[in-house]
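> Here it is, the structure, as structure tokens.
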């Protein structure tokens, strides 16, 4: 599997390039483009949050807590006091870093149900709802943020599969096929619960029509083509 440095570096680079594209074609504002890059980076390390080793897991949950805290603070109106913003940020960080971390690891194993495409969809819908209902973004921007999480997540799975191939000796390692899969068929109960949570998350997500209309519009790609080169 690819190491943490590889995952976060490539996810940040890819998300950064795509966020610049979205900014230049007028899909988002500068501040939103920055959040998009952050969302894509988060997506790029999400599949490894189920690592059972203490230090990597704690580092990642601390990182998620810090990112979530800043995302919430930046989405709040400036009318709140500095102390209130500090309190909100610390509360978000503490909730993710300790109780959520403890509960999460009681029900997960590495490269299990979280390391799947269904999990990628779950986090996509959760990120979309978080962006819309917590950060107050429009449905279009919220789904765009969810898309960035999805792309970062899938990039992580693809990298892990590529690192399972020994190109020099032209052979497959034992880990091949464990990174990129639709569901974890070995853990049926957990996979069933994951599917149920994904359906619920999809049901409560904001409307997606504006997002899909823009994504499938020929005009969108004409604008991208016109702005792509000097």
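> Using mean Cβ contacts within 10 Å as the protection proxy, how do 64-76, 127-139 order, highest first?
Values: 64-76: 17.5, 127-139: 19.4.
Per-residue mean Cβ counts within 10 Å order the peptides as 127-139, 64-76.
> Something else: Using per-residue counts of other Cβ atoms within 10 Å, averaged over each peptide, order 185-193, 4-12 from highest down.
Top to bottom by mean Cβ count within 10 Å: 4-12, 185-193.
Taken together, the values in this text are just the output of simple stated rules run on the coordinates, not laboratory data. These figures come from a predicted structure and were not determined experimentally. Cβ atoms come from the backbone with ideal geometry, glycine included; neighbour counts cover every protein chain shown.
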